[in-house]
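Only one structure is covered here, and it is reproduced in the block below.
Only the coordinates and a few stated rules stand behind these numbers; no lab work does. Here the structure is a predicted model, which means the values were calculated and not measured. No Cβ is skipped: glycine too gets one built from the backbone with ideal geometry, and neighbour counts run over all protein chains shown.
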């Protein structure tokens, strides 16, 4: 019997544009997997010929989630090119903004983008709220949003939503799938946290906005420093940050951490989440200046899952291959010389488990994402990579946090190299960041007592050529921006984003990237409801750069709402 | 009452950016007078991250691109979000439905303000330049008229302060000059 093909498009719960196709054998075990980004990203072309001081502001428009990450990367790549060092205050503010972003981003990722792969909402509606309320104490000494009355109210609220026919976010998952492992009571605890997280994420956004100057697009970073001088010198602003920080940290400690411990218990023997790491090379950038002498995370990479050896990153070994990507060019290029010339070849007709459809032709080009390689090897990036690299480096904070989690859950170190481990790593990274964000804050408060500089002056010599890059850690993994400046303008610009590392297609040698490798060997309960695939891919936190946001009315006739140019008297 | 006019879209993608360009155009061209407070904000493509801003308002007017059966490029639609049936498809599609999903998430918490949506049908959605197709640019006067007429029903008068050509807005929208100061 030949393999059958399963197409999932799009795979992301909210941020779209990712398509996954898998071939399953007669036992529904995945034999091959293909990852395709279906949206073209043209930021590189738009940036050419522009003022390098605007690179960050334009780059932040790549995405609706990674705004700050690209903003900061664009600013710091240009600083690197021009040889500018931002003042200590500026670096701390950027670090603090980054911490605020992570605390927001990872909470939203787990609850709103990934949570329903683990939590069966329908099951939660049948839970006993009193039993669930007691059970919550097993996972946290101080559980949050799990009082009996609160849990009853959660059931009521969700039920009335469902009864109105407005399934909303709950319409997408595969309720009742046998690989859902939480008990009804555990599902109810997590569902209550899902709703609580909707409230907490607002506080997190406000926390970020304090030093981001303007909302919703941060404006406070400039090449050379930051502009939020008055904010960092204002005791009111500082204490406001601290109040909001406490609320978000509280949720991370008492809900997010507890739910992952609960998941480790419930899913510790569920086969479909105990694989999912096919590429065992991990790459991480550095991040989070805590003070003048210490960063929370260091950069580096490990190979073949070997935690006994860690290597330093050499920029020149980062290259991108476009053999199977919809771009012209045969050479594997370093990003400084990267070319972004589209060569779209589309999909072909084929058979799938849901009948005839357009499918990927894997022998040709099949994705808008390039395939980045480090020293010709595929690398996984993201929170798991960050923790593994730092664990291998002997980073005490990371070793202690990871060690405590493994001890508490009774899992071996090997359990980190799984889908469950990847999801747990994101929580552990969030916990490390939220525990240490206050150190960044204190460093800033201490330093502004004697030093209020936030900006380093610079000049761009239009007769000179410059090149520079930013490489660092952002919520979805290692991000790099690469810029060449000539005649005072951007000559070439490339962004190698985390999801590119993870979601990229095969390279010229046929080496597959982390997504494609992670799915091979995965057994599906029902290929027409491939929840297991979603869970593995969502554990990477996919975010295909570039959002397009046409409001799509999905078959609803709008003719009655059409504005008639004649009757309204508009002259056009 | 506090009213928010929220421009949505990705200005790296031609017509996709019309929501943002349009609110920048309106903000430059008019002062608004009346008893209510009116704010104009560039929401970009931030979706969920706009919730903390949106909840501070009693009335929300979203300006975005739109797609539906039978629509033609350059047409303008204006409607109450509550007047259309459950259109939010969480499976997504080739185009995203993020803004609508965000509104539903607000319903889950129960604090979404009254929401009007003005959508214009785009033609060009690809990354090239900060530009608009002729069809969408031609729709701007109708969008403008529709918005001002609606604001009038809320007792808000638009007073023109200067003449603005939308072409002069396009290359500068990325600076978010009508951003919301927190």
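Report the semi-axes of the equivalent ellipsoid for the range A:415-455 in whole Å, largest first, where each axis is √(5λ) for an eigenvalue λ of the Cα gyration tensor.
Those come to 35, 9, 5 Å.
Mind grabbing the base-10 log of I(q)/I(0) for the range A:99-276 at q = 0.10, 0.11, 0.14, 0.20 Å⁻¹? Debye formula, identical points on the C-alpha positions, no solvent, two decimal places.
-0.47, -0.55, -0.80, -1.29
Is there a simple number for the mean count of other chain Cβ atoms within 10 Å of the Cβ of residues in B:52-58, and what is it?
Counting other chains' Cβ atoms within 10 Å and averaging over B:52-58 gives 3.
Between residue A:50 and residue B:161, what is the FRET efficiency for a Förster distance of 25 Å, r being their Cβ-Cβ separation, to the nearest 0.05? Don't skip to the end; give the middle numbers.
Values: r = 29 Å, r/R0 = 1.18.
Taking R0 as 25 Å, the efficiency between residue A:50 and residue B:161 is 0.25.
With springs connecting C-alpha atoms under 10 Å apart, model chain B as a Gaussian network and identify which of B:52, B:69, B:171 has the largest mean-square fluctuation.
Fluctuation is largest for B:69.
Give me the percent of DSSP beta bridges within the protein assembly as shown that run antiparallel, rounded to the nearest 5.
If we restrict to bridges inside the protein assembly as shown, about 75 percent are antiparallel.
Work out the FRET efficiency for residue A:162 and residue A:131 from their Cβ-Cβ distance, taking R0 = 25 Å, and round it to the nearest 0.05.
With R0 = 25 Å, the Cβ-Cβ based efficiency is 0.70.
For the residue pair residue B:111 and residue A:400, what label-to-label distance in nm results when each label sits 7 Å from Cα along the Cα-to-beta-carbon direction?
My value for the distance between the label points is 3.6 nm.
With labels modelled as points extended 7 Å from the Cα through the Cβ direction, what inter-label distance (nm, one decimal) is found for residue B:134 paired with residue A:408?
6.4 nm
Peptide A:207-219: average number of partner chain Cβ atoms within 10 Å per residue?
Whole-number average of other-chain Cβ neighbours for A:207-219 is 6.
What base-10 log of the normalised intensity I(q)/I(0) is obtained for the range A:24-136 from the Debye formula, alpha carbons as equal point scatterers, at q = 0.11, 0.13, 0.15, 0.17 Å⁻¹?
Log-scaled intensity ratios, in q order: -0.67, -0.80, -0.90, -0.99.
Cα convex hull of the range B:2-172: mean projected area in nm², to one decimal?
Dividing the Cα hull surface by four gives the mean projection, 9.7 nm².
Given 0.36 nm per residue, what is the gain on full extension from residue A:25 to residue A:457 after removing their alpha carbon distance, in nm?
On the way: separation 432, 0.36 × 432 = 155.52 nm, distance 6.23 nm.
Result for the pair: 149.3 nm of gain on full extension.
If you take the Cα Rg of the range A:326-387 and divide it by 2.2 N^0.38 Å, with N the number of residues, what do you get?
Expressed relative to 2.2 N^0.38 Å, the Cα Rg reads 1.49.
Report the antiparallel proportion of the DSSP beta bridges in chain B as a percent, rounded to a multiple of 5.
Values: 9 of 28 bridges.
Looking only at bridges with both residues in chain B, the antiparallel portion is about 30 percent.
Stretch residue A:233-residue A:314 to full length: gain in nm at 0.36 nm per residue minus the Cα-Cα span?
Net length gain for the segment: 25.3 nm.
What FRET efficiency, computed as 1/(1 + (r/R0)^6) with R0 = 45 Å and r the Cβ-Cβ distance, is obtained for residue B:31 and residue A:303, rounded to the nearest 0.05?
Once rounded, the FRET efficiency stands at 0.10.
Tell me the label-point distance for the pair residue A:449, residue A:344, using the 7 Å Cα-to-Cβ offset, in nm and rounded to one decimal.
Simple spin-label model gives 5.9 nm for this pair.
Want the number for residue B:58 to residue B:148: 0.36 nm per residue separation, take away the alpha-carbon distance, what's left? Spell out each step's value before the answer.
Details: separation 90, 0.36 × 90 = 32.40 nm, distance 1.81 nm.
Additional length available on full extension: 30.6 nm.
Which whole number gives the average, over all residues in B:72-78, of C-beta atoms from other chains lying within 10 Å of the residue C-beta?
Values: counts 1, 0, 2, 6, 8, 8, 5.
Partner Cβ neighbours, averaged per residue: 4.
If you project the alpha carbons of the protein assembly as shown onto their three principal axes, what span does each projection cover, largest first, in Å?
70, 65, 57
What percentages, rounded to whole numbers, describe P(r) for the range A:318-464 computed over all alpha carbon pairs with 5 Å bin width beginning at zero?
Values per bin, smallest distances first: 2, 7, 11, 10, 8, 10, 13, 14, 11, 8, 3, 2, 1, 0.
Okay, helix-only estimate at 222 nm for the protein assembly as shown: each DSSP H run of n ≥ 4 adds -39500 (n - 2.57), divide by all residues, round to 500 deg cm²/dmol; what do you get?
Numbers: 22 runs with 263 residues, N = 754.
Taken over the protein assembly as shown, the calculation gives -11000 deg cm²/dmol.
Mind jotting down the distance between the C-alpha centroids of the range A:445-479 and the range A:244-315, whole Å?
The two parts, judged by their Cα centres, are 26 Å apart.
Which part of the range A:336-361 falls in the paramagnetic zone of residue A:2, meaning amide N under 12 Å from the point 7 Å along Cα-to-beta-carbon?
Inside the label zone: A:350-352.
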